[in-house]
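J.: Before anything else, here's the structure in question.
The values are calculated or read from the model by the stated rules, or taken from the named source; none is laboratory data. Everything numeric in this text was worked out from a predicted model, so none of it was measured. Here the Cβ is made from the backbone with ideal geometry for all residues, glycine too, and neighbour counts use every protein chain on show. Surface accessibility is based on the protein's heavy atoms, side chains included, excluding ligands, DNA and RNA. Shrake-Rupley method; radii C 1.70, N 1.55, O 1.52, S 1.80 Å.
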Amino acid sequence: MTAIMSWDWRPEILLLLGSAGLFYGRGWRRLRRRGRGQLATTGRLIAYLAGLLVLVITLMSPLDVLAGWLFFLHMIQHILMLTIAPILLLLGDPFPFFIWGMPGGERIGRALFGRHAPFRRFLRQVMQPGVVWLTFVVFLWGWHDPHAYNAALRYPLLHDFQHLTFFLPGMMSWWGVIGAGPHLQRPLSPIVRVIYLLGTAAANAVPGVIIALSGAPIYTYYESVPRLWGISVMQDQVISGLIMWIPGTMMYLLAALFFVGRVMNWVPNPAGLRDLRGLEPTREVSW
């Protein structure tokens, strides 16, 4: 019962997420006051703040404590970091709001993302769909190796690194799909997005299937911790694999279906959501 009610208010995470919310909100307000309501929409603000809230729940709520005892809760935690939080944050199109909200933001933006900036060239290479997909697969499959997974659960710093290397590839994966700024290259066509999403769904499903169908415990760490709510190690493992296999993969399939719908004109195109559908991204800040 104590674990269910416990929140771990980690100062470093609060500082990071609080600063991200502060800079975004300041930039959103400034753009709104300048009559840029088409960019600074209420929907973007709500999506971004919801993404931050998901990260707070993922990293500091009782979910984080209980995930150390129940594999399926740890799997839910990873899905939140790989899909839900990145989608919400990127639907908020944070780049232009940070530029307007950070002290010296425009100067920093030009230094990092200017036309001839080395960081911009590096990022363009890193964000190629093939590179992003390979990065996603390496970290996702690598961390589900039994030795790596057990070690992450035993050592807090390694566990933090695991979370970081789930969240960042998740952001990379959804960045090109959603079409959020900064716009360093031509937007991906809907067909390319569908192919990428299907490939990512397959890569996500593979470890889920292996975990769900395994006949023996894969991660021995869970054999050494108290079992909660009468859930055995094998029941916990099967539930975890099914969560990764079905709900985790479903996010990519639904997104792929959305873009198929755009190609086939099944999905309407409401005004003010051009950049969110990914076909005509906004270029309010262009370097």
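J.: How about the range 129-144: which of its residues are touching a residue at least 60 places away in the same chain (Cβ under 8 Å) and either over 22 Å from the mean Cα position of the chain (by Cα) or open to solvent by 30 Å² or more (accessible area, probe 1.4 Å) (or both)?
T.: 129, 133, 141, listed by residue number.
J.: I need a count of the residues in the range 161-201 that are open to solvent by 10 Å² or more (accessible area, probe 1.4 Å) and without any contact (Cβ under 8 Å) to a residue 24 or more places away in the chain.
T.: Summing the residues that are open to solvent by 10 Å² or more (accessible area, probe 1.4 Å) and without any contact (Cβ under 8 Å) to a residue 24 or more places away in the chain in the range 161-201 gives 6.
J.: Could you check the range 9-128 for helices (runs of 4 or more DSSP H) lying wholly inside it with 2 or more residues that are open to solvent by less than 50 Å² (accessible area, probe 1.4 Å) and hydroxyl-bearing (Ser, Thr, Tyr)?
T.: 11-33, 42-60
J.: Within the range 230-261, restricting attention to residues that are without any contact (Cβ under 8 Å) to a residue 12 or more places away in the chain and not in a helix (DSSP H, G or I), which residue is nearest to residue 202 (Cα to Cα)?
T.: 232
Residues checked against (1) touching a helix residue (DSSP H, G or I) at 6+ places or on another chain (Cβ under 7 Å); (2) over 26 Å from residue 10 (Cβ atoms); (3) in a loop (DSSP other than H, G, I, E, B):
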site	(1), (2), (3)
134	no, yes, no
137	yes, yes, no
162	yes, no, no
165	yes, no, no
